[in-house]
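Following: one structure in structure tokens, then a few remarks.
The values are calculated or read from the model by the stated rules, or taken from the named source; none is laboratory data. The structure displayed is predicted, hence computed values, not measured ones. Every residue, glycine as well, gets a Cβ built from its backbone with ideal geometry; the counts of neighbours run over all protein chains shown. Surface areas here come from the heavy atoms of the whole protein model, side chains and all, with no ligands, DNA or RNA. Shrake-Rupley method; radii C 1.70, N 1.55, O 1.52, S 1.80 Å.
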Amino acid sequence: MSLIYPQYRALKGSNTLYRIDGPLHFLEWQGLGENRWLAHAHYAEIYPTRVLLQELLEAKDSFEKLHAEEWNERFEKREANALSGSVSQVRVSSDSQRIRNSVDLTDWTTFGVPALAKKWMSATSDDEVRAALTYAEDQGLPLLIMGGGSNMLLHRDWPGLALHIGLKGFQVLRENGDEVDVVVGAGENWHDWVMVSLEMGWNGLENLALIPGNVGASPMQNIGAYGVEVKDRFLWLEAINIQTGALHRFDAAACEFDYRESIFKSAAKGHWVIVRVAFSLQRKAPLNTEYGSIQKELEGLPQETWTHRDVADAVMRIRSSKLPDPKELGNAGSFFKNPILSAADFAALRVQHPEVAHFVQGDGNIKIAAGWLIEHAGWKGKRRGTHGVHEKQALVLVHYGGASGKEIWKLAQDVMADVFEKFGVQLQTEVNQIGL
Ligand SMILES: Cc1cc2nc3c(=O)[nH]c(=O)nc-3n(C[C@H](O)[C@H](O)[C@H](O)COP(=O)(O)OP(=O)(O)OC[C@H]3O[C@@H](n4cnc5c(N)ncnc54)[C@H](O)[C@@H]3O)c2cc1C
């Protein structure tokens with residue numbers, strides 16, 4: 001099977017070319033002078049753009065269908081330099097030349113466990129993503145999408161194509177007084193993006209500083225820390241369908257965000273490659289200092305002078321003091337989610353363990369600190385030679401060197417079984433188990 005998108009069209013008798021990337025996305029290039037293009041990216045949500053897209057799809061009247069080769073030939077007659085700032089949407093001459101064989105993934109995940117990928121490629125544009133999807137399909141290779149590798153445990157060699165998402169770039173979509181909407185390439189490093197946003201005075205992501213990984217994975221599990229989640233600043237994301245190649249836009253409702261959850265971890269799991277994410281930020285975003293020890297960290301500064309950057313610095317100091325740096329000690333952050341209990345189940349647990357650490361949720365359910373359960377089951381700091389439970393943070397499993405993914409998984413299972421036996425609470429993993 002080959003991908004349905006993109007499709008190629010031209011306006012008869014003119015220098016205008018079109019590329020349809022999905023049921024609502026198309027790009028239009030108008031020839032300028034002898035050798036330049038003027039590019040417009042369209043999102044056909046409303047009339048009349050929607051009608052135009054329909055006419056393009058049907059290749060009605062003044063439009064003609066072109067094969068990719070024919071279209072490329074016409075396109076390459078001019079410089080393709082009108083696309084700067086378009087967040088890696090298109091790179092016309094994409095191919096599968098950059099696919100490498102037998103790539104060691106050890107350094108591509110923060111756990112640093114050994115595993116080989118049969119094939120590996122880094123995609124830096126939508127077209128390269130599609131080229132990789134077609135290649136995997138043609139070769140019958142299972143696909144593993146990778147960002148920064150900070151939320152996965154590899155259990156074995158990957159028998160297919162490991163596709164690293166490397167689309168870069170930032171683009172301001174809208175600035176309106178206090179508000180600014182920015183779209184960011186999925187391959188940008190998350191923390192670097194937070195720092196860029198703060199430097200530009202686009203605030204709202206400061207509490208999420210120093211979370212490892214890339215922008216594309218941030219909506220996957222609705223990353224969160226210190227009282228803020230990505231969903232609080234999320235506008236939309238664009239993703240390519242793995243079966244059809246169609247580009248699709250998901251707003252927050254369509255992402256079905258929840259605590260460390262989204263549709264991409266449930267109903268839509270394995271169907272989409274996220275290629276860019278748009279955020280809605282504010283110059284005067286309210287400071288969020290309620291959570292954890294942020295206020296304590298800021299004590300030395302007069303409160304009226306606190307800035308968003310101060311909050312980010314406080315968060316970074318707290319995180320550095322509590323969490324192991326993956327560059328020094330392999331880990332994937334919290335291995336387990338904090339379990340959420342109904343009020344009745346919580347009441348039953350509290351009879352036996354009145355001191356259990358917990359947080360009441362807005363909906364009346366109670367979130368239990370998984371770290372507390374693991375610590376009180378006696379696992380904090382336990383080491384099995386090459387790997388263990390972190391000595392400062394019981395939620396984090398660590399790799400000292402020389403362990404396999406399977407061995408770390410065995411430890412995780414033992415922790416889960418013991419917590420269940422002692423507290424009757426079933427822990428769920430936050431980290432994605434690859435090849436289990
Ligand atoms: C020290 C440490 C601290 C951490 N602290 C936090 C924290 O405070 N809060 C928090 O929420 N998380 C935290 N994490 C977890 C991790 O940083 C986040 O989940 C992060 O978003 C993962 O990004 P990544 O690019 O590394 O994803 P990866 O590990 O590469 O991938 C994670 C999953 O997403 C899929 N995926 C990745 N990119 C794409 C894409 N573009 N399209 C489709 N699927 C994709 C992968 O297939 C995989 O299933 C921490 C991790 C570490 C190591």
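Hydrodynamic radius of region 330-434 by the Kirkwood approach over all distinct alpha-carbon pairs: 14.1 Å. Quick one: grab the alpha carbon gyration tensor of region 170-322, order the square roots of its eigenvalues as a ≥ b ≥ c, and give me rounded if a/c is under 1.5, else prolate or oblate depending on whether a/b is larger than b/c. It is prolate, given that a/c is not under 1.5 and a/b is the larger ratio.
Within the chain, what whole-number % of the accessible surface is contributed by carbon and sulfur, with the 1.4 Å probe and all protein chains included in the calculation? Carbon with sulfur: 49 percent of the solvent-accessible area. Note on LYS296 and GLU261: the extension gain reaches 9.6 nm, defined as 0.36 nm multiplied by sequence separation minus the Cα-Cα distance.
Out of region 318-355, which trypsin sites (Lys or Arg not before Pro) are coil in DSSP terms and have no more than 10 other C-beta atoms within 10 Å?
Sites meeting the loop and neighbour criteria: LYS327.
Contact order, relative form, for the chain: 14 percent (alpha carbon pairs under 8 Å, 6 or more residues apart, mean separation divided by residue count). Helix screen, the chain: no DSSP H segment has Cα axial length of 24 Å or more and mean Kyte-Doolittle hydropathy at least 0.5. The distance between label points at LYS269 and ARG36 comes to 5.0 nm (points 7 Å beyond Cα on the Cα→Cβ vector). Loop-located chymotrypsin sites (Phe, Trp or Tyr not before Pro) in region 386-436 (DSSP state not H, G, I, E or B) with no more than 14 neighbouring Cβ atoms inside 10 Å: TYR400. Along its principal axes, the chain has C-alpha extents of 79, 54, 40 angstrom, given from the largest down. For region 101-197, rounded, prolate or oblate, judged on the Cα gyration tensor with a ≥ b ≥ c (square roots of eigenvalues), a/c < 1.5 rounded, else prolate if a/b > b/c? Oblate shape, in that a/c is at least 1.5 and b/c is the bigger or equal ratio.
Give the residues of region 344-387 whose amide nitrogen is closer than 17 Å to a point set 7 Å from the Cα of LYS322 in the direction of its Cβ. The answer is 357-360, 367-376, 380-381, whose backbone nitrogens lie closer than 17 Å to the label point. Using 0.36 nm per residue and subtracting the Cα-Cα separation, the extra length available between ASP104 and SER342 on full extension is 81.3 nm.
Under 16 Å from a label point set 7 Å out along the Cα-to-Cβ vector of GLN243, the amide N atoms of region 268-289 belong to 268-273.
Pairs with C-alpha atoms separated by more than 21 Å, drawn from the list LYS322/LYS422; LYS265/LYS337; LYS337/LYS380, are LYS322/LYS422. Relative contact order of region 170-322: 28 percent, from C-alpha pairs under 8 Å at least 6 residues apart in sequence. Protein heavy-atom accessible surface, 1.4 Å probe, per residue over the chain: 46 Å².
If a spin label sat at a point 7 angstrom from the Cα of LEU329 along the line to its beta carbon, the backbone N atoms of region 377-420 nearer than 15 Å would be those of 379-402. The helix-only estimate of mean residue ellipticity at 222 nm for the chain, built from DSSP H runs of length n ≥ 4 each weighted as -39500 (n - 2.57), is -7000 deg cm²/dmol after division by the residue total. Of the GluC sites (Glu not before Pro) found in region 224-294, those in coil by DSSP whose Cβ has at most 11 other Cβ atoms within 10 Å are GLU290.
Once each part is reduced to its C-alpha centroid, what is the distance from region 369-431 to region 16-46 in angstrom? Each part reduced to its Cα centre gives a spacing of 52 Å.
Each Cα pair under 8 Å and six or more residues apart adds its sequence gap; the mean of these over the residue count of region 7-75 is a relative contact order of 34 percent.
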